[in-house]
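First the structure, in the form of structure tokens, and then the observations on it.
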Amino acid sequence: MSAVSGWQVAAALPEVSQGLHELILGDEVVLLVRRGDEILAMQGLCPHTLARLAEGQVDAAGWLHCPRHKARFRVADGVCGSGWVLPPLRQYEVRVTDGMVLLPDPLTPLD
């Protein structure tokens, strides 16, 4: 499948297993988080130390924990949890069409 105008193919749906999936789009590291049928996309590097968030973990409450220093970010909106004062993770719109995960082209964060 080719990308739809304004969208780029990020991955085939079967490639995105439950949990964390890192990909590189242009010069951006993007993290896909799959929880059940839901797929969310956000920046893939921690804003504190640029650690690869795909090496972290998502807990049962929906918090993504940085693998380097244990800062945590709420998966639903990227907001940093208590104990740290970091900017929220950039979030990206996701579409799933014909078995493909699509992200905006160009990659632009949600407001």
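The values are calculated or read from the model by the stated rules, or taken from the named source; none is laboratory data. Remember, predicted model here, so these are calculated numbers, not experimental data. Quick reminder, even Gly has a Cβ in these numbers, built from the backbone with ideal geometry, and neighbours come from all protein chains shown. When the accessible area is computed, the model is the full protein with side chains, heavy atoms only, and any ligands, DNA or RNA have been set aside. Shrake-Rupley method; radii C 1.70, N 1.55, O 1.52, S 1.80 Å.
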DSSP beta bridge pairing in the chain, given as percent antiparallel to the nearest 5: 100
nm² value of the averaged projected area, convex hull over the Cα atoms of the stretch 1-79: 5.8
Area of Cys80 that stays accessible when all protein chains are in place (1.4 Å probe, Å², to 10): 20
Charge dipole (the chain, unit charges on Cβ, about Cα centre) - positive-most of Gln8, Tyr92, Ala60: Ala60
Dipole magnitude (debye, nearest 20) for the stretch 22-111, charges at Cβ of Lys, Arg, Asp, Glu: 440
Carbon/sulfur fraction of accessible area - the chain, other protein chains in place, 1.4 Å, %: 50
Per residue accessible area of the chain, 1.4 Å probe, in Å²: 54
